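Written below as structure tokens is the structure these notes are about.
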Amino acid sequence: MHATASSQAEHSSAMLLQHPSSFAFLSPVIVSAVLLGCLVLMRLPSIVLPYELNVDESQWLSQGMKFLQDPRPWKGIDPTSSGPLNSYPISILLGMGFKPSYLMAHVLAAVLVSVQVLLSYLVFLRIGSKITALLGAISMVLFYGDTVSPDFLHYSSELFPALMLILGFYSFLVWSQDFPSRSESHQQLLLFLGGLVLGMAPWFKIQAAPIAAVLGLVIFTATLFLGSRSLSLRQRTLQTIVLCSGALLPTVIMLAVLIACGSLRDFWNSYILENLFWAGPLTVKQLIDHCVYFFAQPHAQQLLNIFGFAFVLFLLSVLRSQAPWLPTAAHRWIFAGILAYTGAALFAVCRPAKIFDHHTQFLIFPVTCLAVTLASPNTDWPAGEQSRSRRLYTMLFSIIVLGGLAVFSAYQARSSQSFYASNPRLKTNERLADMVGVIQKTRSVKSLAIWGWTPGVYVLTGIPPATRDAVAALVITKGPLQPYFRSRFLADLRSSMPDLFIDSATPNAFMWDWTKDDGYESDEELKKFIQDNYTLVAEVTLVRGARPVRYFAKRTAP
């Protein structure tokens with residue numbers, strides 16, 4: 001009887017191993033659903049928070065509000081170091097009837113992060129085993145979810161371009177792995193779409209430009225040499241033309257729009273020259289110093305730990321295996337693409353004169369992708385298959401890991417619920433916006449402009465910026481182009497004549513590197529304009545003894 005039971009168990013195990021359909025409940029779709037559910041659960045406390053997690057969120061929201069009135073890039077709004085494409089999606093949502101709110105921004109951020117994780121998991125399945133792909137995806141879930149740092153929770157200007165770059169790499173991955181099994185038209189479509197999303201990335205954020213350029217160069221070179229023996233010169237030439245057409249299309253369209261709007265000079269001064277001044281001189285010493293500083297940060301050390309662990313697994317696997325690593329040309333091109341992506345992302349993060357934590361989002365995917373690749377040196381990349389003897393082990397391991405992640409996610413969501421509301425600075429925007437409401441009881445306030453960096457007032461009052469500067473960063477901050485930006489700001493004020501002018505360049509509001517001497521009076525022409533056309537009607541003191549936030553109402557005709 002025992003023998004019969006044992007033979008039945010062995011027969012059942014054999015059936016499981018012989019029929020991969022038995023593992024359907026662990027299909028990529030189910031695993032993806034669990035991963036995304038855990039990610040959203042961990043981020044839920046920050047999603048429902050009714051305050052800005054980062055001042056940039058208010059900037060993108062207020063720019064989206066202004067683009068509804070004037071959609072011209074660098075005329076309606078100057079998006080500073082972020083491209084206009086970060087705010088146009090918000091304008092679309094507002095045009096659909098949604099109200100400008102931080103809930104909308106936080107939900108949008110969660111959606112973009114979720115799509116990044118899902119797409120990354122699909123990439124990992126193609127370059128690693130099921131276990132390493134799962135662990136790579138979980139590491140991204142923990143990076144984006146197991147944190148209370150607003151830098152990785154808010155709707156940042158890195159989310160959209162990072163997604164575009166991942167999409168570009170995924171197109172290259174599928175193209176190179178499926179070569180030459182798919183039709184020529186299908187391969188050309190992959191190249192065109194890959195080039196298109198890479199070409200779009202810099203218009204979301206200029207910092208993505210070097211990453212897109214390096215990835216594009218790798219793909220361009222691959223179209224010339226990968227499969228050169230099986231492709232004619234005409235076919236290879238056509239591939240490069242299709243890739244370049246997709247990559248150049250976004251820039252051609254945007255430049256045509258800029259010329260038609262008459263904002264080419266504004267674009268050049270703000271998005272190109274000012275960002276070059278902001279990045280500072282390019283020297284090897286600067287890059288090394290910034291890399292040392294960057295990797296000393298806790299979030300960067302998380303990436304180093306992931307890479308270091310994977311590298312150890314790689315060495316152990318290579319030493320005990322006789323199978324060649326990177327056996328085909330496709331393998332080598334893919335790995336070269338991953339290395340190029342990682343190196344370009346590191347350069348983009350460490351290049352600016354000042355490094356922000358949320359810049360790390362450009363590095364999360366390529367470093368994790370490199371780790372998954374190193375941890376799976378003998379995996380059949382195009383198929384992502386494992387031997388039958390390991391399928392049951394993979395199933396049990398995945399169930400345990402995903403179950404543990406789900407339990408941890410619930411704990412993390414509960415433990416971080418009260419973290420954000422304890423920050424008193426979160427309610428500064430509410431105080432400033434409430435005063436606008438008080439003024440509206442006696443005066444008509446349908447338009448306003450702010451000297452300072454408090455775009456949250458626009459969001460909470462529902463009044464879009466009267467000037468193209470949703471934040472006065474370029475206007476107040478000293479630099480070679482400051483006279484140009486100040487002259488433009490004053491011209492916008494003269495043209496719009498807003499009902500209310502607010503000077504919020506004061507302590508406890510976001511001040512950048514400004515001082516108490518950087519109020520609106522620091523610009524003599526602006527000071528005269530305000531004195532001639534406006535009158536002080538209210539003040540809000542944020543810090544006792546410091547200059548208050550001042551509200552100036554437009555004088556009515558006698």
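The values are calculated or read from the model by the stated rules, or taken from the named source; none is laboratory data. Computed from a predicted model, the values in this text were never measured in an experiment. Positions of Cβ are backbone-derived with ideal geometry, glycine not excepted, and every protein chain shown enters the neighbour counts. Calculation scope for accessible area: heavy atoms of the full protein, side chains included, ligands and nucleic acids excluded. Shrake-Rupley method; radii C 1.70, N 1.55, O 1.52, S 1.80 Å.
Remarks
- Region 1-54, subset assigned to a loop (DSSP other than H, G, I, E, B) and either open to solvent by less than 40 Å² (accessible area, probe 1.4 Å) or within 23 Å of SER120 (Cα to Cα) (or both), residue modelled with the lowest pLDDT: SER27
- Pairs are defined by a Cβ separation below 9 Å, a sequence spacing of at least 6 or placement on different chains, a first member in region 324-345 that is closer than 23 Å to LEU163 by Cβ, and a second member that is of a type in the set (Lys, Arg); the pairs so defined are ILE334/ARG126.
- Residue among ILE530, ILE476 that is within 27 Å of the chain's Cα centre (by Cα) and farther than 29 Å from LYS99 by Cβ: ILE476
- The set of residues in region 515-556 that are in contact (Cβ under 8 Å) with a residue 40 or more places away in the chain, among the small types (Gly, Ala, Ser) and either in a loop (DSSP other than H, G, I, E, B) or within 20 Å of VAL438 (Cβ to Cβ) (or both) comprises GLY519, ALA538, ALA546, ALA553.
- Residue list for region 519-558, filter: open to solvent by less than 90 Å² (accessible area, probe 1.4 Å), out of contact with any strand residue (DSSP E or B) (no Cβ under 9 Å at 6 or more places or on another chain) and more than 18 Å from ALA491 (Cα to Cα): VAL543, GLY545, ALA546
- Filtered residues of region 249-275 (kept if among the hydrophobic types (A, V, I, L, M, F, W, C), within 14 Å of PRO71 (Cβ to Cβ) and surrounded by 14 or more Cβ atoms within 10 Å (Cβ to Cβ)): MET254, VAL257, LEU258, CYS261
- Residue within region 115-124 that is touching a Gly at 6+ places or on another chain (Cβ under 6 Å) and in contact (Cβ under 8 Å) with a residue 40 or more places away in the chain present: yes
- Cβ-Cβ distances below 8 Å connect the following pairs, each with a first residue in region 220-237 that is aliphatic (A, V, I, L, M), a second residue that is at pLDDT below 75, and a separation of six or more residues or different chains: LEU226/PHE179; LEU231/PRO180.
- Taking first residues from region 349-373 that are surrounded by 22 or more Cβ atoms within 10 Å (Cβ to Cβ) and partners that are among the acidic types (Asp, Glu) and assigned to a loop (DSSP other than H, G, I, E, B), the Cβ contacts under 8 Å between residues at least 6 apart in sequence or on separate chains come to HIS359/GLU158; GLN361/GLU158; PHE362/GLU158.
- Restricting region 88-138 to residues that are of a type in the set (S, T, N, Q) and over 17 Å from the mean Cα position of the chain (by Cα), the residue that is nearest to ASP70 (Cα to Cα): SER91
- Taking region 64-156 and the helices (runs of 4 or more DSSP H) fully enclosed by it, the elements with 1 or more residues that are open to solvent by 20 Å² or more (accessible area, probe 1.4 Å), closer than 30 Å to PRO327 by Cβ and touching a helix residue (DSSP H, G or I) at 6+ places or on another chain (Cβ under 9 Å) are at 102-127, 130-145.
- One residue alone among THR240, THR221 is of a type in the set (S, T, N, Q) and within 16 Å of ALA336 (Cβ to Cβ), and that residue is THR221.
The rows are residues; the columns are (1) more than 31 Å from the chain's Cα centre (by Cα); (2) surrounded by fewer than 19 Cβ atoms within 10 Å (Cβ to Cβ).
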{"site": "SER183", "(1), (2)": "yes, yes"}
{"site": "GLY194", "(1), (2)": "no, no"}
{"site": "TRP203", "(1), (2)": "no, no"}
{"site": "PRO210", "(1), (2)": "no, yes"}
{"site": "LEU217", "(1), (2)": "no, yes"}
{"site": "SER232", "(1), (2)": "yes, yes"}
{"site": "THR237", "(1), (2)": "yes, yes"}
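- The single condition among (1) touching a Leu at 6+ places or on another chain (Cβ under 7 Å); (2) of a type outside the set (A, V, I, L, M); (3) open to solvent by 10 Å² or more (accessible area, probe 1.4 Å) that PHE485 does not meet is (3).
- Filter pass, ILE476 being at pLDDT below 95, in contact with a strand residue (DSSP E or B) (Cβ under 8 Å, 6 or more places away or on another chain) and open to solvent by less than 30 Å² (accessible area, probe 1.4 Å): yes
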